[in-house]
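In what follows, a structure is listed as structure tokens, so that the remarks can point back to it.
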Amino acid sequence: MDSQAISLVRSSFKSIVAEEGGPERLARTFYSLLFARSPETREFFPAAMDVQRDRLFTAIAYVVERLDETDEILEYLAQLGRDHRKYGVTDEHYQAVGNSMIEAFELFGGAEMWTDEVDSAWRNALAVISAAMMDAANAEDGPPAWSATVIETRTAIRGVAIVRLQLDQPMDYRPGQYVSVQVGARPRMWRYLSPANPPDGSGIIEFHIRQVTGGWVSPAMVTQTTVGDIWVIGSPIGGLGIPENTKDLLMIASGTGVAPLRAQILELIRRGNTRKVHLFYSGAHPCDLYDLPHLWALAERHPWLTIVPVSEDDTNPWWHTETEPLSPIGMPKRMTGKVGKVVTSFGNWAGCDIQVVGNESVVNSTKFRLRAVGIDAATVRSDPTY
Ligand SMILES: Cc1cc2nc3c(=O)[nH]c(=O)nc-3n(C[C@H](O)[C@H](O)[C@H](O)COP(=O)(O)OP(=O)(O)OC[C@H]3O[C@@H](n4cnc5c(N)ncnc54)[C@H](O)[C@@H]3O)c2cc1C
């Protein structure tokens, strides 16, 4: 796409986002048109569409923002296309989605905003997006989805479960990537989770799941999962992972965001790594750092690995009565504060490959702090947070 078309797509999308209730109304219009024109697509989606509408909008915003990062966005769309095979979507469905999207934009924008130039720029963008997704989906010969049996579930701390599953066939994901997951108790409500272990040929996959208060799916995953349950898992997605270069690695995690970084550390151990790896492992309270004993044990055996525990609050909530474990001799003690501030107090990390994983507020505030000490934002990697 040329820069003129990209800028038209961006500016028209921005004006929709700026309208009061714009994203919600646009998404409602889009889904109504899609389900009216292609009723069979309704069964791809859950009965309650509220979260789905948010997700659609966040996904469009993510792509629109990166339309000029050609290689990255094409790779992301290819991954998304491979993942969408789990729904059984066909090329006709992509066509129907594109048409309904254009119609929704047109209805929403009105003649003043939806000019011929804007129309043509969006048609062009949607054609690029659907071609990238369809081509990758059609070229893929792996399974559209994996069936996985729960073999172990345990509580790490209140509200966080560690669930291990046996896949029906090994999955070749890159440590650091994430997958979409559907549990029996919440049909058609796919949620992303990041494997906390690298693939090792055994087909065992581990997830660390935090129960989000008021959430549709995570409370069921955390409190209702039992051994023998069957989960369905889509194709791997995401740009995080061990970089090809030999730079030292700075990893910043908040809460269960440690999972994809832990998977990379385990893979680095398997590869006989020697480059330096600093993991800043943060949480709201000291007890949120549930994986510390395991990470410390790894750091004791591998001197290239440094773990810095960080919590925003110095004390635990009332319900956590266990004594806080002490840092092993010679290892950094837990620090208190926002993780971005703590990380930048150590230096500016120039020359490192940087990955940040966690909720939106932690990722954004940490990136802001890193930029403030002169780190080029383009060298800081993170996945979409939605
Ligand atoms: C790339 C990626 C990887 C992820 N990996 C993991 C993982 O390894 N482990 C894990 O536990 N979760 C992970 N998540 C989050 C997970 O996919 C779900 O979004 C989360 O479990 C909430 O789902 P839900 O159905 O319970 O809540 P929903 O029903 O989707 O949302 C209910 C409400 O809670 C809000 N909400 C959603 N998520 C959060 C949150 N994290 N914090 C605060 N409020 C929230 C929503 O905005 C909404 O208002 C990941 C998300 C992404 C995008």
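The values are calculated or read from the model by the stated rules, or taken from the named source; none is laboratory data. As the structure is a prediction and not an experimental result, all values here were calculated from the model. Glycine also receives a Cβ, built like all others from the backbone with ideal geometry; neighbour counts cover every protein chain displayed.
One table, with the values for the structure above:
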quantity	calculated
Residues of region 104-139 classified as of a type in the set (Asp, Glu) and surrounded by 16 or more Cβ atoms within 10 Å (Cβ to Cβ), total	2
Filtered residues of region 203-222 (kept if part of a loop (DSSP other than H, G, I, E, B), among the small types (Gly, Ala, Ser) and either modelled with pLDDT under 95 or near the ligand (Cβ under 8 Å from one of its atoms) (or both))	Gly214, Gly215
Verdict on Tyr281 being under 21 Å from Leu249 (Cβ atoms) and among the aromatic types (Phe, Trp, Tyr)	yes
Pair list, Cβ under 8 Å, 6 or more apart: region 152-166 residue closer than 17 Å to Gly255 by Cα, other residue among the acidic types (Asp, Glu) and part of a strand (DSSP E or B)	Ile162/Glu152; Ile162/Glu206; Val163/Glu152; Val163/Glu206
Where Gly176 falls short, out of the listed (1) part of a loop (DSSP other than H, G, I, E, B); (2) in contact (Cβ under 8 Å) with a residue 24 or more places away in the chain; (3) within 17 Å of the chain's Cα centre (by Cα); (4) near the ligand (Cβ under 10 Å from one of its atoms)	(4)
Enumeration of residues in region 199-253 that are within 30 Å of Asn273 (Cβ to Cβ) and among the polar types (S, T, N, Q)	Ser202, Ser235, Asn245, Thr246
Check on Asn273, over 16 Å from the mean Cα position of the chain (by Cα), surrounded by fewer than 19 Cβ atoms within 10 Å (Cβ to Cβ) and under 30 Å from Met133 (Cβ atoms)	no
Residues of region 340-386 classified as in a strand (DSSP E or B), more than 16 Å from the ligand (Cβ to nearest atom) and among the charged types (D, E, K, R), total	1
Total residues in region 65-91, condition touching a His at 6+ places or on another chain (Cβ under 9 Å) and on the phi > 0 side of the Ramachandran plot	0
Inter-residue pairs, beta-carbon under 6 Å, first farther than 21 Å from Tyr281 by Cβ and in region 223-250, second within 12 Å of the ligand (Cβ to nearest atom) and among the hydrophobic types (A, V, I, L, M, F, W, C), 6+ apart	Gln224/Ala185; Thr225/Val163; Trp231/Val181; Trp231/Val183; Ile233/Val179; Ile233/Val181; Gly234/Val179; Pro236/Val179
